[in-house]
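Written out below as structure tokens is the structure these notes cover.
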Amino acid sequence: MKDMLVTLFVLISLNACTKNSEVTNSVKNSTTERSQSLNTFTESDKAKKSSKQKILDIYLGKEMPINELDSIIKVINQPMMKIGEAGECGNFFDDETIYQLGNLGISANKDKAILTDVVNLPNNYLIHYDGLLINASFKINQINSSKFEITSEKATEEQKTYSISDNSKKYEYDIAYSIRNKNEDEILNLYYIKDRLVGVKILLQC
């Protein structure tokens, strides 16, 4: 009888230990799953936040005092590089020099500056020009044909790139549209690859 009681006690103790172990493992697994889920959420949340870029407003063709470039340089956070001199005609200023600041083309002299180009157009750029709001998804049919004249030209093997100046980096395109306010001489060129706008350039007629 005594041996039976001892055996029964041992079985009960073993059963209790097994249940306690199962509960402990269940708690550990649950804690691990919650931790992994939290880490996944945190990484996903970080990715979403980093993908949301702040919209940068670009006022193309708007003359500004030369010292206003300092604030633009601070935002772009890249050096402004001289890439050329103005030609004999089609200039915005006397004694004009052409610069590149990140994706922007700038014409300037010692007193004034004007943003003239956007190359390799970033998704977060919003271009303001003559009442138009232009970004990478801008469509030609958004332009008021009663105000602007619109012509198009497909790229060819001989002419399939655009640039800020003749000596600067070249960027490819499929089709270009020339937009001109019917009351102005200034021309706005829009460069596309398929349905995406990739470049914008202001030209003055000679």
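The values are calculated or read from the model by the stated rules, or taken from the named source; none is laboratory data. No experiment lies behind these values; they were computed from the predicted model shown. With ideal geometry, Cβ positions are generated from the backbone for all residues, glycine too; neighbour counts draw on all protein chains shown.
Key figures
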{"read-out": "Subset tally (residues that are part of a loop (DSSP other than H, G, I, E, B) and within 21 Å of Ile106 (Cα to Cα)) for segment 174-206", "value": "4"}
{"read-out": "Residue match in segment 187-194 (condition: loosely packed, with under 14 Cβ neighbours inside 10 Å, within 22 Å of Asp130 (Cα to Cα) and either among the charged types (D, E, K, R) or out of contact with any Gly (no Cβ under 6 Å at 6 or more places or on another chain) (or both))", "value": "no"}
{"read-out": "Asn141 being out of contact with any helix residue (DSSP H, G or I) (no Cβ under 9 Å at 6 or more places or on another chain) and either assigned to a loop (DSSP other than H, G, I, E, B) or farther than 26 Å from Glu85 by Cβ (or both)", "value": "yes"}
{"read-out": "Complete set of residues in segment 74-88 that are of a type outside the set (D, E, K, R), under 18 Å from Lys112 (Cα atoms) and exposed (fewer than 14 other Cβ atoms within 10 Å of the Cβ)", "value": "Met81, Gly87"}
{"read-out": "Criterion: touching a Leu at 6+ places or on another chain (Cβ under 7 Å), closer than 23 Å to Val75 by Cα and at pLDDT 95 or above - qualifying residue of Asn120, Asn135, Asn189", "value": "Asn135"}
{"read-out": "Options Ile150, Ile179, Ile187, Ile164; residue that is touching a strand residue (DSSP E or B) at 6+ places or on another chain (Cβ under 9 Å) and farther than 22 Å from Glu63 by Cβ", "value": "Ile150"}
{"read-out": "Selection count where residues are in a loop (DSSP other than H, G, I, E, B) and free of Cβ contacts under 8 Å to residues at least 60 places away in the same chain, scope segment 89-105", "value": "6"}
{"read-out": "Output for segment 164-173, where each listed residue is surrounded by 17 or more Cβ atoms within 10 Å (Cβ to Cβ) and in a loop (DSSP other than H, G, I, E, B)", "value": "Ile164, Ser165, Ser168, Tyr173"}
{"read-out": "Residue that is nearest to the chain's Cα centre (by Cα) [pool: residues in segment 89-104 that are of a type in the set (S, T, N, Q) and surrounded by fewer than 18 Cβ atoms within 10 Å (Cβ to Cβ)]", "value": "Thr97"}
{"read-out": "Test for Lys112: is it surrounded by 15 or more Cβ atoms within 10 Å (Cβ to Cβ), under 27 Å from Asp94 (Cα atoms), in the same structural domain as Met64 (by TED's automatic domain parsing) and among the basic types (Lys, Arg)", "value": "yes"}
{"read-out": "Filtered residues of segment 128-163 (kept if surrounded by 12 or more Cβ atoms within 10 Å (Cβ to Cβ), in contact (Cβ under 8 Å) with a residue 60 or more places away in the chain and not aliphatic (A, V, I, L, M))", "value": "His128, Tyr129, Asp130, Asn135"}
